[in-house]
Amino acid sequence: MVTKTRAQRSAMYSLLWLLAIAAPTGGSAYAQTYPAGPVKFITQQRPGGGTDPALRIVADHLGRMWGQQAVVVNLPGAAGLIAARAAAVAPPDGQTLFFATVTTYVALPEMQANLPFDVNDFVRIGFVGEVPLAIAVTAALPVNSLPELVALSKRQPGGLNIAAGFRGSMPHLTTELFRSRSGADLTPIFYADSGQVMNDLISGRVPIGVEGLAGPMAAGQLKLLAVASPARVASRPDLPTVAEALPGFAASGWFSLVAPRGTPASIVKKVSDDLREVLALPAVKQRFDTLNVSMRSMSPQDLSDFIRSERQLWKQVIKQAGLAAQ
């Protein structure tokens with residue numbers, strides 16, 4: 001039998017100790033090599049529509065930071081179900097991320113029975129931004145304020161039609177909240193995308209609409225009556241808030257970045273930190289300002305708390321409007 005000398009044993013222990021402190025532990029190893037290739041960002045938005053431009057700005061800057069291609073995958077339809085399902089079954093390696101909207105966490109679990117996945121399984125990364133929703137009317141409608149709109153809807157036989165996006169969208173839920181709080185006689189008309197909404201509003205086919213305060217909605221072709229944000233927006237300080245007529249009223253189209261269940265914590269932390277760094281860039285803030293998108297810096301835990309409060313708010317609206325799955 002070969003017996004190691006004390007010096008040999010000491011040398012062996014020293015080598016093992018050095019290897020132990022030099023070797024990366026499981027979680028950090030992922031972060032050190034991430035991303036290993038192009039990163040896909042799934043979104044329910046149509047190309048160029050809604051918040052798609054803002055999402056592409058964020059994805060592009062993250063891709064540059066990582067030295068990898070950022071690929072935005074647009075999967076619209078089914079109130080966001082198609083995009084959410086694709087993200088839920090993606091490999092949990094951080095190479096596929098999901099721009100989840102308020103619809104993902106609020107409408108889908110309340111309005112869709114037997115979802116093929118649990119929205120709570122998505123790993124929260126961080127808040128990206130929000131777009132204030134605006135209530136607008138066609139130029140020909142003889143109203144210039146929310147009280148006048150409510151009064152006209154009650155006088156009009158059968159009330160008034162209002163373009164409210166797709167069922168379960170934030171424009172739709174905001175419409176339902178406004179109807180409930182104001183008593184306005186409004187009938188929601190549903191659309192597949194915001195482009196069609198704007199076409200019908202501008203042409204006068206539908207007299208009222210709720211949409212994000214961006215693009216055509218802010219272009220001056222319609223009469224904007226109010227924004228649903230808690231405070232007036234910097235780009236339109238002359239535009240009153242809905243809350244000035246209905247205290248406490250607030251709604252916005254927000255979007256966040258999440259990952260499939262099982263994504264390593266080290267990758268989530270890295271992406272979360274990098275996302276906040278991107279959102280702090282003056283160039284990104286300037287681009288967001290032109291799109292009327294505001295930011296909030298949130299940690300993964302902050303985002304989880306925010307989502308919980310949003311679900312509590314809109315769950316009641318969905319139930320009162322008779323939209324909850326039976």
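Bear in mind these aren't lab numbers, they're just calculated from the coordinates by the rules spelled out. All values derive from a computational prediction rather than experimental measurement. Heads up, the Cβs are rebuilt from the backbone with ideal geometry, glycines too, and the neighbour counts pull from every protein chain shown.
What to note about this one:
- Between I208, I307, I135, the residue with the greatest mean-square fluctuation in the GNM of the chain (Cα pairs under 10 Å linked by springs) is I307.
- Highest GNM mean-square fluctuation among T43, T96, T290, for the chain modelled with Cα contacts below 10 Å: T290.
- Considering only F122, F255, F306, the mean-square fluctuation computed in a Gaussian network model of the chain, springs between alpha carbons under 10 angstrom, is largest for F306.
- Viscosity 0.890 mPa s, temperature 25 °C, Stokes-Einstein D of segment 172-224 from Kirkwood C-alpha radius, µm²/s: 207
- A full extension of the chain between A78 and R236 corresponds to an added length of 53.6 nm, given 0.36 nm per residue minus the alpha carbon distance.
- Spread of Cα-to-Cα distances over 10 Å intervals beginning at zero, given as percent, for segment 231-290: 16, 31, 27, 20, 5
- For q = 0.08 Å⁻¹, Debye-computed log10 I/I(0) when each Cα of the chain counts as one equal scatterer: -0.42
- Calculated P(r) of segment 117-219 - Cα pairs past 21 Å, %: 37
- Reported to the nearest whole Å, the Cα centre-to-centre distance from segment 255-312 to segment 158-185 is 29.
- Here is what passes the span test in the chain: the DSSP H helices with alpha carbon length of 18 Å or more along the helix axis and a Kyte-Doolittle mean of 0.0 or above are 6-22, 265-279.
- In terms of its C-alpha gyration tensor, segment 224-326 comes out oblate, because a/c is 1.5 or above while a/b does not outweigh b/c.
- Computed FRET value (nearest 0.05) for L323 with Q156, which takes r as the C-beta separation and R₀ as 22 Å: 0.35
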